[in-house]
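The values are calculated or read from the model by the stated rules, or taken from the named source; none is laboratory data. Remember, predicted model here, so these are calculated numbers, not experimental data. In this analysis, Cβ positions are derived from the backbone assuming ideal geometry, glycine residues included, and neighbour counts consider all displayed protein chains.
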Amino acid sequence: MASIFLYQSSEVDWCESNFQHSSLVAELYNTVSNVPFFIIGPLMIYLMHPYAQKRSLIVHLPWVLYILVGLFSVYFHMTLSFLGQMLDELAILWLLTTCYCIWFPSCYFPAFLKKDRSQFICLVLLISITITFLAFVKPIVNAYVLNSTALHICYFVRMEYKKKNAQVNHMIVMSVTWWSLALSIWICDRVFCTFWQQINFAYLHSFWHIFISLVFPYVAAVLVLLDGQYEMQDNSLEIHYWPRDEWLVGLPYVTLKDKKVNSGGKNC
Ligand SMILES: CCCCCCCC/C=C\CCCCCCCC(=O)N[C@@H](CO)[C@H](O)/C=C/CCCCCCCCCCCCC
Ligand SMILES: [Ca+2]
Ligand SMILES: [Zn+2]
């Protein structure tokens, strides 16, 4: 049991050379590159608090898990321990789970659930608990299973993209762009590691952390906008960008403006 805490007890090892800069930190750049999670997470909780006060404070939970993902990723890359790997990957799993439970539009639920969110939540929790146990069976495949969830997410956002809502579609384009870049980097780090080590540039996984940390704010903005359209009745949602709307690059966040008339929920 003590072995799960041991340095390098995980079967997974990333391209960056180990203990190059410190005897306590296995992969320094892969560890430090998680900093965006600790900046973006608290910032989004602060910026989205007015929305949370109107919708439900539960919408802060994905951002708390997002910060935990960063924290466990630091521990994993510092130690390359089995415990670090499992904490990292299970935090991602439960981040995905909370997003599905809170924001997945009921009109996309499987037909047998009859748009009943409580039954959908039970189904998602059952699946996530099962995957949590299965994660210990063959840990080496966990990251690939987590990445494969993107297939369902892309299917769902593609359905939404066809509806030509300009605000939502811009967020979708940005989400897919950042994610495609991040995934390409993640694959290159794993598949072509020998090449990167030969040219002394084995830091791609660090860039994966930075780009994937930017994916979530954009995907969350899509989910919140759709939540407003399908699940909320009397509020219009506005996208703003931190630090300034006028800047070309910024972090998207959603604010609420009360509508005078009852908008009524929309169907998918
Ligand atoms: C309807 C619900 C939709 C939920 C969408 C949630 C989108 C989540 C986006 C980002 C999650 C943050 C993941 C950060 C991982 C950082 C830690 C890390 O690097 N871990 C690695 C080990 O160090 C590990 O190998 C990584 C495993 C793969 C993680 C895959 C996360 C799923 C990403 C799905 C994004 C789909 C976006 C599609 C665009 C519309
Ligand atoms: Ca390594
Ligand atoms: Zn990582």
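A few remarks follow.
- Across segment 234-253, the number of residues qualifying as of a type in the set (Val, Ile, Thr) and surrounded by fewer than 16 Cβ atoms within 10 Å (Cβ to Cβ) comes to 1.
- Condition check for Cys193: buried (at least 17 other Cβ atoms within 10 Å of the Cβ) and touching a Cys at 6+ places or on another chain (Cβ under 7 Å): yes
- Residue in segment 85-103 that is closer than 17 Å to Asp227 by Cα, in contact (Cβ under 8 Å) with a residue 12 or more places away in the chain and surrounded by fewer than 17 Cβ atoms within 10 Å (Cβ to Cβ) present: no
- Among residues of segment 240-253, those that are over 22 Å from Ala182 (Cβ atoms) and modelled with pLDDT of 90 or more, counted: 3
- Options Asn142, Asn147: the member that is within 15 Å of ligand 3 (Cβ to nearest atom) and out of contact with any helix residue (DSSP H, G or I) (no Cβ under 6 Å at 6 or more places or on another chain): Asn147
- Odd one out for Leu237, checked against (1) over 18 Å from Ala166 (Cα atoms); (2) at pLDDT 85 or above: (1)
- Residues in segment 79-102 that are within 16 Å of ligand 2 (Cβ to nearest atom) and of a type in the set (A, V, I, L, M): Leu80 alone.
- The single residue among Phe211, Phe207 that is touching a helix residue (DSSP H, G or I) at 6+ places or on another chain (Cβ under 9 Å), at pLDDT 95 or above and within 16 Å of ligand 2 (Cβ to nearest atom) turns out to be Phe207.
- Any hit, segment 37-59, residues being within 16 Å of ligand 2 (Cβ to nearest atom), within 17 Å of the chain's Cα centre (by Cα) and without any contact (Cβ under 8 Å) to a residue 24 or more places away in the chain: no
- Residue among Leu183, Leu237 that alone is within 27 Å of Cys101 (Cβ to Cβ) and either outside any helix (DSSP H, G or I) or without any contact (Cβ under 8 Å) to a residue 12 or more places away in the chain (or both): Leu237
- Residue count for segment 133-153, restricted to those that are closer than 18 Å to Ser106 by Cα and surrounded by 16 or more Cβ atoms within 10 Å (Cβ to Cβ): 1
- Within segment 60-78, considering residues that are within 16 Å of ligand 2 (Cβ to nearest atom) and among the hydrophobic types (A, V, I, L, M, F, W, C), the one nearest to Val215 (Cα to Cα): Val74
- Within segment 53-67, the set of residues being in contact with a helix residue (DSSP H, G or I) (Cβ under 9 Å, 6 or more places away or on another chain), surrounded by fewer than 20 Cβ atoms within 10 Å (Cβ to Cβ) and at pLDDT below 95 comprises Ser56 only.
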